[in-house]
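Asker: Starting off with a structure, shown below.
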Amino acid sequence: MIGKKAVILLWSLIGLLGTLGTLDCKLDGEKNRISRHDFPADFIFGAGTSAYQVEGAAAFDGRKLSIWDAYARAGKMDDGSTGDVAADQYHHYKEDVRLMYEMGLDAYRFSISWSRLIPDGRGAINPKGLEYYNSLINELRHYGIEPHVTLYHFDLPQSLEDAYGGWLSSQIIEDFKAYAEVCFREFGDRVKYWTTFNEPAFTVFGYDWGSWPPQRCSFPFGWGNCTAGNSKVEPYIATHHVLLSHAEAVSVYREKFQEKHKGLIGLALFTAWFERMTNTTKDFVATQRTLIFQFGWFLDPIVYGDYHSLIKEMVGSRLPTFSKQQSKKLKASFDFIGVIHYNTFYVSDAYWPPGERDYPRDMLSTVSELRDGIPIAKLAPSGLAIVPWGMQAILEYFKQQYGNPPVIAYENGYATANNESLSLLDALNDQPRVDYLHDYLGSLLSAIRNGSNAQGYFVWSFVDLFEFLYGYEFRYGLFFVDFKDEKLKRYPTLSARWYTEFLKGSKHIDFVEEKACSHTQ
């Protein structure tokens with residue numbers, strides 16, 4: 001399997017297109033002290049997880065396999081791990097919700113396991129799965145914590161993959177729509193925030209590099225051990241079906257449930273930020289291509305109803321097309337956009353004249369966390385660059401390019417190495433995570449003060465869990481989980497205590513506020 005850091009870098013390598021401007025943010029040198037009270041009164045603070053990563057209980061109460069069960073159990077993770085048990089939130093949800101309440105969280109973001117609720121992907125509802133999610137939602141509501149529910153967080157039922165190839169078949173659209181309708185009907189009276197998909201860029205991992213299930217790719221594009229696939233075509237097909245599934249789910253929610261339940265629905269995107277490697281025009285253009293493909297592949301269809309014109313030009317006949325009816329359903333098919341943000345990269349041009357070099361991808365740019373051999377910024381143990389102003393840069397970009405849509409920062413967090421030689425006391429002292437959250441919250445507030453329509457912030461993750469890139473090699477949790485303990489005891493980290501103090505208004509943040517970012521050509 002491809003190394004974890006390479007996977008992170010490779011997603012960013014797929015940049016395309018664009019002739020837009022760039023953001024120019026300067027520090028004004030003034031230190032500002034802020035607290036929770038400096039954010040809008042209705043701003044939402046929370047933390048998140050996802051079903052396969054945290055629930056465990058993989059073979060309990062009627063749940064069947066997802067593609068991640070099959071993948072992990074086949075030993076595909078670098079550390080050989082699985083999510084069979086994870087943090088076992090399935091059996092610990094009451095304890096976890098109590099901890100959320102004691103922290104002062106406004107909201108908890110989690111996903112529903114399609115394989116737990118509808119084990120075969122279509123057909124009969126699993127009563128035990130229905131009972132679990134009702135119980136979790138009711139427990140959250142009892143403590144005044146708002147559920148933010150994601151319908152799909154990478155864990156497709158294996159039965160649908162076996163039946164017709166999952167996201168490669170248009171049959172998935174009706175099955176996802178039916179699954180979404182079950183969720184809206186059964187839980188919508190208590191769930192006011194819905195996300196259809198988490199990071200639709202999972203299609204790149206699964207169908208271009210083959211480093212995630214269903215591990216489809218083709219030489220020389222793939223980076224996984226693939227036995228089938230076509231990296232030049234399948235990522236576009238799978239993404240197309242994801243977008244159409246999103247549109248159908250939003251349509252059924254708006255037609256049947258939204259007026260009655262008064263909820264909101266959106267899509268969550270992976271959003272690294274990109275800066276040019278040099279001041280050359282070619283690197284400037286390459287950076288804009290990367291940004292367009294990073295955001296525009298998914299945002300343009302749901303904002304404007306179609307793919308960006310330059311994406312269509314570059315990909316040509318390999319890019320599927322939307323019918324007029326599909327385009328109409330896609331256009332404005334969101335009430336908010338979820339932002340998944342961790343890091344920033346430098347971008348350099350990688351264009352060669354035709355015939356001079358057989359460049360193997362639909363991209364003309366490469367990315368790096370190094371510039372002239374020097375890191376772009378301090379690197380976290382996981383290899384991600386810590387660049388707090390990247391958060392503001394993304395929100396400014398959304399404001400300027402997409403009409404300032406409502407945004408919720410659904411994932412932002414810091415990974416610490418799972419060093420088993422550390423004492424428990426040392427493991428709980430995650431000061432680097434405190435510094436990270438401190439600085440990114442400051443950047444987020446700068447964006448809000450500059451007019452961004454950001455409405456919430458969620459730390460990833462609430463507890464330590466199975467990570468799709470790392471297994472259990474790194475920890476993101478505000479709460480440390482002792483995976484060696486049969487009871488999987490939770491311990492609050494220093495960052496959990498810090499976030500609690502911030503949420504309760506007793507902790508201030510000192511940060512250097514940036515000037516308003518300008519959009520330059």
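The values are calculated or read from the model by the stated rules, or taken from the named source; none is laboratory data. Here the structure is a predicted model, which is why all the values come from computation and not from measurement. When we count neighbours, we look across all protein chains shown, and the Cβ atoms used for this are built from the backbone with ideal geometry, even at glycine.
Asker: Under 24 Å from Glu234 (Cβ atoms) and either of a type outside the set (Gly, Ala, Ser) or more than 22 Å from the chain's Cα centre (by Cα) (or both), is that true of Asp106?
Answerer: Taking the combined requirement at face value, the residue does not satisfy it.
Asker: Scan the stretch 412-424 and give yes if some residue there is at pLDDT below 95, of a type in the set (Ser, Thr, Tyr) and in contact with a helix residue (DSSP H, G or I) (Cβ under 7 Å, 6 or more places away or on another chain), otherwise no.
Answerer: Within the stretch 412-424, none of the residues are at pLDDT below 95, of a type in the set (Ser, Thr, Tyr) and in contact with a helix residue (DSSP H, G or I) (Cβ under 7 Å, 6 or more places away or on another chain).
Asker: Still on this model: Working carefully through the options Leu136, Leu140, find the one that is in contact with a strand residue (DSSP E or B) (Cβ under 7 Å, 6 or more places away or on another chain), at pLDDT 95 or above and assigned to a helix (DSSP H, G or I).
Answerer: Leu140
Asker: Moving on. So the check is Cβ under 6 Å with 6+ separation or different chains; which pairs have a first residue in the stretch 454-478 that's within 30 Å of Gly403 (Cα to Cα) and a second one that's of a type in the set (Asp, Glu)?
Answerer: Trp460/Glu411
Asker: Next up: Out of all the residues in the stretch 167-184, which are out of contact with any Lys or Arg (no Cβ under 8 Å at 6 or more places or on another chain) and not hydrophobic (A, V, I, L, M, F, W, C)?
Answerer: Ser169, Ser170, Gln171, Glu174, Lys177
Asker: State which residue is nearest to Glu313 (Cα to Cα) when the search covers only the stretch 262-302 and only residues that are touching a helix residue (DSSP H, G or I) at 6+ places or on another chain (Cβ under 9 Å) and charged (D, E, K, R).
Answerer: Among those residues, the one meeting the criterion is Arg289.
Asker: Something else: Regarding the stretch 190-208, can at least one residue be identified that is charged (D, E, K, R), farther than 18 Å from Glu174 by Cβ and crowded, with 22+ Cβ neighbours inside 10 Å?
Answerer: Looking through the stretch 190-208, at least one residue is charged (D, E, K, R), farther than 18 Å from Glu174 by Cβ and crowded, with 22+ Cβ neighbours inside 10 Å.
Asker: Going through the stretch 33-89 one residue at a time, which ones are charged (D, E, K, R), more than 30 Å from Glu501 (Cβ to Cβ) and crowded, with 22+ Cβ neighbours inside 10 Å?
Answerer: Passing the criteria: Arg63, Asp69.
Asker: Mind listing whichever residues of the stretch 424-470 are more than 24 Å from Val97 (Cβ to Cβ), part of a helix (DSSP H, G or I) and not hydrophobic (A, V, I, L, M, F, W, C)?
Answerer: Asp426, Gln431, Pro432, Asp435, Tyr436, His438, Asp439, Tyr440, Gly442, Ser443, Ser446, Arg449
Asker: Residues Phe205, Phe197, Phe154: which one is in a strand (DSSP E or B), of a type in the set (A, V, I, L, M, F, W, C) and under 19 Å from the mean Cα position of the chain (by Cα)?
Answerer: Phe197 is the lone residue from the list that is in a strand (DSSP E or B), of a type in the set (A, V, I, L, M, F, W, C) and under 19 Å from the mean Cα position of the chain (by Cα).
Asker: Would you confirm, using the coordinates I've provided, whether Tyr414 is closer than 16 Å to Asp464 by Cα and either hydrophobic (A, V, I, L, M, F, W, C) or surrounded by 21 or more Cβ atoms within 10 Å (Cβ to Cβ) (or both)?
Answerer: Yes, satisfied.
Asker: Find the residue count for the stretch 463-483, including only residues that are charged (D, E, K, R) and more than 17 Å from the chain's Cα centre (by Cα).
Answerer: The total comes to 2.
Asker: For Pro127, state whether it is touching a residue at least 40 places away in the same chain (Cβ under 8 Å) and surrounded by fewer than 24 Cβ atoms within 10 Å (Cβ to Cβ).
Answerer: In short, yes.
Asker: Among the residues of the stretch 449-493, write down those that are within 29 Å of Lys399 (Cα to Cα) and among the β-branched types (Val, Ile, Thr).
Answerer: Val459
Asker: Any idea which residue in the stretch 102-118 is farthest from Arg185 (Cα to Cα), counting only those that are in a loop (DSSP other than H, G, I, E, B) and in contact with a Leu (Cβ under 9 Å, 6 or more places away or on another chain)?
Answerer: The residue in question is Gly104.
Asker: At least 2 residues that are of a type in the set (Lys, Arg) and in contact (Cβ under 8 Å) with a residue 60 or more places away in the chain in each: list the helices (runs of 4 or more DSSP H) lying fully within the stretch 272-320 that qualify.
Answerer: In the stretch 272-320, 281-291 are the helices (runs of 4 or more DSSP H) which contain 2 or more residues that are of a type in the set (Lys, Arg) and in contact (Cβ under 8 Å) with a residue 60 or more places away in the chain.
Asker: Considering only residues that are in contact with a strand residue (DSSP E or B) (Cβ under 7 Å, 6 or more places away or on another chain) and of a type outside the set (S, T, N, Q), which ones fall in the stretch 155-178?
Answerer: If the condition is that a residue be in contact with a strand residue (DSSP E or B) (Cβ under 7 Å, 6 or more places away or on another chain) and of a type outside the set (S, T, N, Q), then Asp155, Leu156, Pro157 are the ones that fit.
Asker: For the stretch 218-258, which positions are without any contact (Cβ under 8 Å) to a residue 24 or more places away in the chain and closer than 11 Å to Leu168 by Cβ?
Answerer: Scanning the stretch 218-258 gives Ala228, Gly229, Asn230.
Asker: Applying the selection to the stretch 383-411, what residues are in a strand (DSSP E or B) and either touching a helix residue (DSSP H, G or I) at 6+ places or on another chain (Cβ under 9 Å) or at pLDDT below 95 (or both)?
Answerer: Of everything in the stretch 383-411, those that are in a strand (DSSP E or B) and either touching a helix residue (DSSP H, G or I) at 6+ places or on another chain (Cβ under 9 Å) or at pLDDT below 95 (or both) turn out to be Ala385, Val407, Ala409.
Asker: While we're on this one: Please go through the stretch 181-194 and pick out each residue that is hydrophobic (A, V, I, L, M, F, W, C) and more than 23 Å from the chain's Cα centre (by Cα).
Answerer: Residue satisfying the conditions is Val182 alone.
Asker: If I ask for residues that are over 22 Å from Tyr143 (Cα atoms), modelled with pLDDT of 85 or more and of a type in the set (D, E, K, R), which ones from the stretch 16-69 would you list?
Answerer: Of everything in the stretch 16-69, those that are over 22 Å from Tyr143 (Cα atoms), modelled with pLDDT of 85 or more and of a type in the set (D, E, K, R) turn out to be Asp38, Asp61, Arg63, Lys64, Asp69.
Asker: Let me ask something else. Could you grab me the full set of residues in the stretch 230-256 that are over 20 Å from the mean Cα position of the chain (by Cα) and either crowded, with 23+ Cβ neighbours inside 10 Å or in a helix (DSSP H, G or I) (or both)?
Answerer: Once the filter is applied, which keeps residues that are over 20 Å from the mean Cα position of the chain (by Cα) and either crowded, with 23+ Cβ neighbours inside 10 Å or in a helix (DSSP H, G or I) (or both), the stretch 230-256 yields Ser231, Glu234, Ile237, Glu248, Ser251, Val252, Tyr253, Arg254, Glu255, Lys256.
Conditions tested, residue by residue: (1) among the polar types (S, T, N, Q); (2) free of Cβ contacts under 8 Å to residues at least 60 places away in the same chain; (3) closer than 26 Å to Leu244 by Cβ.
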| position | (1), (2), (3) |
| --- | --- |
| Val149 | no, yes, yes |
| Phe154 | no, no, yes |
| Ser169 | yes, no, yes |
| Ile172 | no, no, yes |
| Phe184 | no, no, yes |
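Asker: As an exercise: evaluate Asp162 against (1) of a type in the set (D, E, K, R); (2) part of a helix (DSSP H, G or I); (3) crowded, with 21+ Cβ neighbours inside 10 Å and give the number of the one condition it does not meet.
Answerer: Failed condition: (3).
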